[in-house]
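S.K.: First, the structure itself, so that you have it in front of you.
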Amino acid sequence: MKLVFAGTPEVAVPALDALIASGRHEVVAVVTRPDAPAGRGRRLVASPVAQRAEEAGVEVLKPVKPRDEDFLARLREIAPDCCPVVAYGALLPQEALDIPLHGWVNLHFSLLPAWRGAAPVQHALMAGDEITGASTFQIEKGLDSGPLYGTVTEAVRPTDTSGDLLTRLAFAGSGLLAATMDGIEDGTLKAVPQPADGISLAPKITVEDAQIDWAAPALRVDRVVRGCTPAPGAWTVFRGERLKLVQAMPVPDRTDLAPGELSAGKNNVYVGTGSHAVELLWVQPQGKKPMKGADWARGVRIAPGEHVG
C-alpha cells in the first residue's frame, strides 16, 4: 500500500522505521507537527519523526492545522491507500479522514477500550495495572473509540516508569502496526467494534496531578512518581521551593514517620506517608540537575522533624 505516516515524538519513530523497513508498503510522506522551540536558545527544531523521515528521503508535511487547505490538497494529490498514525498530536478533521482508501489507523498505547486519551501509559501505571499493551484501531470522530484491528500485551514491571514502559510499547506496537497494514492490504483483517464495557479515560497529566500527597499510602506515592517520570515529573515542596522526585522506593519496615516527615541518615533519606515510609533515591532540586537523595539531604542539612509538602 501507499502510506502517509502521521506522528511527532520519539515514541513514534520505531513504527515509522518498521513501515519503511517492511519492504511491502511504501511510505510516500510523513505528517508531523510544525517545528517547535527547544533547548536554552529556544531555536526551532524539527520533530523526531520529521528528522527520521528526512534521513530516509521521505517527503515531510508540517501543517499548522490538519484542516489547512494546502495540506488537504497535497494529501488528495498523494492519494494514500492508508494513513497509519502514532502520537501525531492534533485532531484530524473529517475531510482528512475521508481521503485515504482505508482511512487512518492509529497505534494507541493501551488495551482499548481502557485508557482512551492522551496519557494512557501514565494512567495505567498510576492505577496499578499489571498488564497493559497497545492497540491498532480505525480513527473516527470519537476519542479513541473506533473499531479495533489488533492488540499486543505487555507486563508492567514493578519498577517501570512511564518512560520505560512507553519505550517497550513503542517497539512492540511498531510490529503490530506493520502487521495491521499487511492484514488490511490482503483483506485478512477486519476492524471490530470496541467492547462497550471497560471504558476508562486517560486525560493529559497536569503539573497539579503530579504533586505528591504525603497522606496517601506509600504504594500510591510510588505509582505517582513512576507514572509521572519523565514527564511532567512528580514533585513536592521543601523550604518553599519545588523538589522533583525522580525515583523513590517504598520501605515497608519504616513506619515511625508522620506523612511528609523527613529522616536523613548517612546514606539514605526517608519520607513518611499515610502508611509506611518511602526512600528518596533520586531527586532534582529547583534549578539543579538530578542527584542522589542522600547527597541532596547532606547538602540541605535536614533538621529533626522537618517536612516536605
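S.K.: Counting each DSSP H run of 4 or more residues in the chain as -39500 (n - 2.57), what helix-only mean residue ellipticity at 222 nm follows after dividing by all residues, to the nearest 500 deg cm²/dmol?
M.R.: -7500 deg cm²/dmol
S.K.: Ok, one more. At 1.4 Å probe radius, can you tell me the per residue accessible area of the chain in Å²?
M.R.: 48
S.K.: Moving to a separate point now. What lysines could a cross-link reach from residue 292, if we take a straight Cα to Cα line under 26 Å and drop same-chain neighbours fewer than 8 places away?
M.R.: 244, 266
S.K.: I would also like to ask the following. Percent relative contact order of the chain, based on C-alpha pairs within less than 8 angstrom and at least six residues apart?
M.R.: Relative contact order here is 13 percent.
S.K.: Using only alpha carbon pairs under 8 Å that are at least six residues apart, calculate the relative contact order of the stretch 48-200 and give it in whole percent.
M.R.: Result for the stretch 48-200 is 20 percent.
S.K.: Diagonalise the Cα gyration tensor of the stretch 205-262 and give the resulting equivalent ellipsoid semi-axes, square root of 5 times each eigenvalue, largest first, whole Å.
M.R.: 19, 14, 9
S.K.: Now, a different point. Can you give the extra length, in nm with one decimal, that the chain gains between residue 281 and residue 171 once fully stretched, where that is 0.36 nm per residue apart less the Cα-Cα distance?
M.R.: This chain segment gains 36.7 nm when fully extended.
S.K.: Moving to a separate point now. With r defined as the distance between the Cβ atoms of residue 69 and residue 211 and R0 fixed at 30 Å, what FRET efficiency is calculated, to the nearest 0.05?
M.R.: The calculated FRET efficiency here is 0.10.
S.K.: Give me a comma-separated list of calculated 3J(HN,Hα) values for the stretch 4-21, in order, Karplus coefficients 6.51, -1.76, 1.60 applied at θ = phi - 60°, integers in Hz, x for any Gly or Pro.
M.R.: Per residue, the Karplus-derived 3J(HN,Hα) values read 10, 8, 10, x, 9, x, 4, 5, 8, 5, x, 5, 4, 4, 5, 6, 5, 7 Hz.
S.K.: Which angle from 0 to 90°, rounded to the nearest 10, does the C-alpha axis of helix 69-78 make with the longest principal axis of the chain?
M.R.: Computed tilt is about 60 degrees.
S.K.: In addition: Would you indicate which of (1) -0.74, -0.84, -1.02, -1.10; (2) -0.92, -1.03, -1.20, -1.27; (3) -0.61, -0.73, -0.99, -1.13 is the value of log10 I(q)/I(0) by the Debye sum over Cα atoms at q = 0.11, 0.12, 0.14, 0.15 Å⁻¹ derived from the coordinates of this structure?
M.R.: Evaluating log10 I(q)/I(0) by the Debye sum over Cα atoms at q = 0.11, 0.12, 0.14, 0.15 Å⁻¹ on these atoms matches (1).
S.K.: To the nearest 20 debye, what charge dipole does the stretch 1-80 have about its Cα centre, counting +1 at the Cβ of each Lys and Arg and -1 at the Cβ of each Asp and Glu?
M.R.: In total the dipole reaches around 280 debye.
S.K.: Can you tell me the relative contact order of the stretch 126-221? Whole percent, Cα pairs under 8 Å, sequence separation 6 or more.
M.R.: Normalised by residue count, the contact order of the stretch 126-221 is 27 percent.
S.K.: Ignoring ligands, DNA and RNA, how do 188, 206 rank by accessible area with a 1.4 Å probe, largest first?
M.R.: Ranked list, largest accessible area first: 188, 206.
S.K.: Want the number for residue 98 to residue 239: 0.36 nm per residue separation, take away the alpha-carbon distance, what's left?
M.R.: 45.2 nm
S.K.: Would you mind working out the magnitude of the charge dipole of the stretch 189-309 relative to its Cα centre, with +1 at each Lys and Arg C-beta and -1 at each Asp and Glu C-beta, to the nearest 20 Debye?
M.R.: 520
S.K.: Which distance in Å, rounded to a whole number, links the C-alpha centroids of the stretch 256-309 and the stretch 34-85?
M.R.: 44
S.K.: For residue 288 and residue 219, compute 0.36 nm times the residue count separating them, minus their Cα-Cα distance, and round to one decimal in nm.
M.R.: Computed gain between residue 288 and residue 219 is 22.1 nm.
S.K.: Still on this structure, please answer the following. Picking from 245, 206, 171, whose Cα lies most toward the positive end of the charge dipole for the chain (charges on Cβ: Lys, Arg +1; Asp, Glu -1)?
M.R.: 245
S.K.: Right, something else. Assigning unit charges at the beta carbon (Lys, Arg +1; Asp, Glu -1) and nothing else, what dipole magnitude in debye, to the nearest 20, does the chain show about its Cα centre?
M.R.: Once rounded to the nearest 20, the dipole reads 1160 debye.
S.K.: Hey, can you grab everything whose amide H is under 5 Å from the amide H of residue 243? Only 5+ residues off in sequence or another chain; H modelled, so Pro and N-termini drop out.
M.R.: 236, 237, 238
S.K.: Further question: Using amide H atoms built 1.01 Å from N in the peptide plane, name the residues 5+ places from residue 140, or on other chains, whose amide H lies under 5 Å from its own.
M.R.: The answer is 145, 146.
S.K.: Shifting gears a bit: Run the reach check for residue 62 against lysines, Cα to Cα strictly under 27 Å, same-chain hits fewer than 8 apart removed. What comes back?
M.R.: Correct list for residue 62: 2, 141, 204.
S.K.: Right, next: Can you give the three extents of the C-alpha atoms in the stretch 191-299 along their principal axes, from longest to shortest, in whole Å?
M.R.: On the principal axes, the stretch 191-299 reaches 58, 33, 22 Å in Cα extent.
S.K.: Also, I was wondering about something else. Express the carbon and sulfur contribution to the solvent-accessible surface of the chain as a percent, rounded to the nearest whole number, probe 1.4 angstrom.
M.R.: 53
The values are calculated or read from the model by the stated rules, or taken from the named source; none is laboratory data. Source: prediction; values computed, not measured. For neighbour counting, all protein chains shown are included, and Cβ atoms are generated from backbone atoms with ideal geometry for every residue, glycine included. With ligands, DNA and RNA removed, areas are computed over all heavy atoms of the protein, side chains included. Shrake-Rupley method; radii C 1.70, N 1.55, O 1.52, S 1.80 Å.
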